[in-house]
1. Can you pull out the residues in the stretch 119-172 that are of a type outside the set (A, V, I, L, M) and under 16 Å from residue 371 (Cβ atoms)?
2. Restricting attention to the stretch 428-447, which residues are at pLDDT below 95 and loosely packed, with under 15 Cβ neighbours inside 10 Å?
3. Can you pull out the strands (runs of 3 or more DSSP E) entirely within the stretch 91-170 that have at least 1 residues that are of a type in the set (Gly, Ala, Ser), over 16 Å from residue 320 (Cα atoms) and out of contact with any helix residue (DSSP H, G or I) (no Cβ under 8 Å at 6 or more places or on another chain)?
4. How do the helices (runs of 4 or more DSSP H) wholly within the stretch 9-72 filter down when requiring 1 or more residues that are within 23 Å of residue 103 (Cα to Cα), over 25 Å from the mean Cα position of the chain (by Cα) and not basic (Lys, Arg): which remain?
5. From the list 365, 359, exactly one residue is under 22 Å from residue 36 (Cβ atoms), surrounded by fewer than 18 Cβ atoms within 10 Å (Cβ to Cβ) and not assigned by TED's automatic domain parsing to the domain that holds residue 170. Which is it?
6. Is it the case, given these coordinates, that residue 346 is over 17 Å from the mean Cα position of the chain (by Cα) and assigned to a helix (DSSP H, G or I)?
Amino acid sequence: MTTTTAHQLPEQLPGLDWIADPLRVGRLSQDFAWFSPVLKRELAGKRGDVAVRPRTEDEIRQVVAACAQAQIPITVRGSGTGNYGQSTPLQGGVILDLSGYNGFGWVRGGVGRAQAGIRLSDFDAQAKPLGQELRWLPSTYRSATLGGLFGGGFGGAGSLNHGPLAAPGNVLAVRAMTVEPEPQIIELRGPEAMLLHHTYGTNGIVLELEVALTPTVAWTECIVTFTEFDTALDFADRFGAAPGLEKKEVCFLAAPIPAYFTSLAEHLPAGCHAVMLLVAPQSEDGMRDMAAKYGGTVSYRKTAEEVDKSHKTLLEYTWNHTTLHALKVDKTLTYIQSGFTPATRLDQVKALEKALGGEVMMHLEFLRTKEGAFNCSGLQLIRYSTEERLNQIMQIYRDHGVQINNPHVYIVEDGKQNHLDPAVVDMKRRFDPQGLLNPGKLRSWYAAEETTPVQAPERQTA
């Protein structure tokens, strides 16, 4: 009896869009994990054997059935805008690129539905003429897919109003496929659907998502600059929390981060601290009054119409695009992800700036937690020296009561820094009984199955 290998699947299913060229497969085996010098080292050389880009549910079914029959690993991928090696296969096999499965479904009232491979920008472009827009946009929205955001993302602009994706009521349903010789299609709704969220595609193949939307607003984009760290921080916090001032994004960037934005240099005085924001037109006067009270200067302003015409948005300087712009200037930098305590957030931020300023550059995104509390989350830039020092910095943050969601690991549980809900593993047992989805990234699966886990990549010396 011969065993089918991943390399033989293109011959077995010749009607599909297969990618076998080693260079292209190599590119499809990567995401933005290179933001982390640790992941860059640990994931080096890890890649799929072959990739496929299905465009219909039936084509996806054909691939999944063949892989299940031959026990070939599957790594599901969107546009590869993640940062943790989510789309890097540890065990080879097939890369299932869903970026071609990108149909827009419908908008009904404040709800929208689309296939997982749709780009977030395309979803918004379809929804806005109907008076609705996505509740959250990551800075990668031009290329990131809806399924990719669900599988490995957090939220983005708009989380200030609606919390992250994980907040109840944001994601309403998913349509998912099991990995079996005869794949099943199952609709999950509410909390059950969220068991597939942020699991790197390890416990189910998401085909469609149904999400809550919000009425469209013609957002005005502004930068407010300050000479003092504390006043910039206090303004960002006060404006972000102001209930009567409508906004979608408040991003605090301490010096010297603004200096990395070379294309915005004329709007960012040397040594300034900057707050980037999206504000509703009717709230702009209130924002300006508040900025003046804190000694800020509005150095940049673009209306929604001007943003559309310029094809340039401040969103692409916030969230992890901040890290990307900084790395273009200084490739020795890296970053961490932090979650503050709502009641003491400003005290924590100021204490950490005092303790680590210069080595750690403060970048904060203001948001609502999934429970609804106003808070800030950090994507701090780090002057990287050694992995040991990086771990020390993260521990200093923890010692100040700040949660670290470690972006330098590729195991689901390690990044979350907390206990995984056992129901996530139960869902994997339901949707992926053979453990073929992105193997090696969900440690709890192996403990639950009492099997030996796939060996992680060997650590290499620098």
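1. Selection gives 154, 155, 159, 161, 162, 163, 164, 168, 169, 170.
2. 447
3. Of the strands (runs of 3 or more DSSP E) lying wholly inside the stretch 91-170, those with at least 1 residues that are of a type in the set (Gly, Ala, Ser), over 16 Å from residue 320 (Cα atoms) and out of contact with any helix residue (DSSP H, G or I) (no Cβ under 8 Å at 6 or more places or on another chain) span 104-108.
4. By residue number, 57-70.
5. The unique qualifying residue is 359.
6. Spelling it out, residue 346 is indeed over 17 Å from the mean Cα position of the chain (by Cα) and assigned to a helix (DSSP H, G or I).
The values are calculated or read from the model by the stated rules, or taken from the named source; none is laboratory data. Here the structure is a predicted model, which is why all the values come from computation and not from measurement. With ideal geometry, Cβ positions are generated from the backbone for all residues, glycine too; neighbour counts draw on all protein chains shown.
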